[in-house]
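The values are calculated or read from the model by the stated rules, or taken from the named source; none is laboratory data. Since the structure is predicted, the reported quantities are computational estimates derived from the model, not experimental observations. We place every Cβ from the backbone using ideal geometry, glycine too, and count neighbours over all the protein chains shown. Calculation scope for accessible area: heavy atoms of the full protein, side chains included, ligands and nucleic acids excluded. Shrake-Rupley method; radii C 1.70, N 1.55, O 1.52, S 1.80 Å.
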Amino acid sequence: MTEEPHDRAQFKAMTEGTAEDWGKIFVATQGYNRGLADRVLTHLKLLDGDCGGFAVDRLTHSLQSATLAHRDGMDEEYVVCALLHDIGDTLGSYNHAEIGATILKPFVSEENHWMMEHHGIFQGYYFFQFGGLDRNMRDKFRGHPAFERTAMFCARHDQNAFDPAYDTMPLDAFVPMLNRVMERPKRSIYMREDQQIAAE
């Protein structure tokens with residue numbers, strides 16, 4: 001949707017902004033935010049074809065992780081976390097876990113956000129030793145309320161999601177779940193406190 005000049009704010013610096021200007025911006029932002037899930041899907045598809053030395057490409061790994069979680073009876077929010085856990089591989093090669101966690105932070109529980117943000121360290125349990133790193137790096141978080149959940153995610157839905165022969169569900173199967181999870185944020189700095197959903 002192309003905006004006409006009269007639909008845009010007229011200020012050149014925010015200090016000049018009026019209520020009318022900001023009203024136009026808020027309207028445009030609402031429309032733009034409705035396309036967020038589609039933009040996330042577009043970015044996720046960038047993982048297609050990039051194997052990075054693994055037996056399957058990064059998109060297949062993401063789909064397989066989500067498939068394993070779904071077939072394991074995990075709820076939609078968790079399944080969407082599994083789907084997007086490695087979305088940061090393209091732009092955050094050295095901190096990919098934080099990228100996916102940041103994208104989903106407004107939409108998921110604190111526990112699922114922590115799991116996404118730290119899964120890279122927990123996944124290291126399975127391979128860090130081969131790169132000269134401490135495979136038990138995750139132990140510094142032992143005692144955290146989401147420690148066991150994150151260890152379970154890596155054990156059951158991440159480290160074992162590299163099987164070319166597995167019956168992986170297609171991306172289309174997860175699109176409705178993603179849309180539902182990202183339909184409305186639970187919390188954001190752009191929401192009043194009375195609009196936010198208490199952290200779970």
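Among the residues of region 172-196, those identified as within 28 Å of Leu63 (Cα to Cα), among the basic types (Lys, Arg) and open to solvent by 80 Å² or more (accessible area, probe 1.4 Å) are Arg180, Arg184.
Among the residues of region 56-112, none is identified as basic (Lys, Arg) and on the phi > 0 side of the Ramachandran plot.
This table checks each residue for (1) of a type outside the set (Asp, Glu); (2) surrounded by 12 or more Cβ atoms within 10 Å (Cβ to Cβ).
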position: Ala13; (1), (2): yes, no
position: Ala19; (1), (2): yes, no
position: Ala37; (1), (2): yes, yes
position: Leu47; (1), (2): yes, yes
position: Ala69; (1), (2): yes, yes
position: Asp72; (1), (2): no, yes
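In this structure, Met169 qualifies as open to solvent by less than 50 Å² (accessible area, probe 1.4 Å), part of a loop (DSSP other than H, G, I, E, B), under 25 Å from Leu36 (Cα atoms) and of a type outside the set (Ser, Thr, Tyr).
Evaluation of Asp163 against the conditions (1) assigned to a helix (DSSP H, G or I); (2) more than 13 Å from the chain's Cα centre (by Cα) shows that the sole unmet condition is (1).
One line per residue, one yes/no per condition, for (1) buried (at least 24 other Cβ atoms within 10 Å of the Cβ); (2) outside any loop (DSSP other than H, G, I, E, B); (3) at pLDDT 95 or above:
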{"residue": "Val40", "(1), (2), (3)": "no, yes, yes"}
{"residue": "Gly52", "(1), (2), (3)": "no, no, no"}
{"residue": "Ser62", "(1), (2), (3)": "yes, yes, yes"}
{"residue": "Ala82", "(1), (2), (3)": "yes, yes, yes"}
{"residue": "Ser93", "(1), (2), (3)": "no, no, no"}
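Of the numbered criteria (1) surrounded by fewer than 12 Cβ atoms within 10 Å (Cβ to Cβ); (2) not in a helix (DSSP H, G or I), the one Gly31 fails is (2).
The number of residues in region 95-113 that are within 11 Å of the chain's Cα centre (by Cα), part of a helix (DSSP H, G or I) and under 26 Å from Ile197 (Cα atoms) comes to 10.
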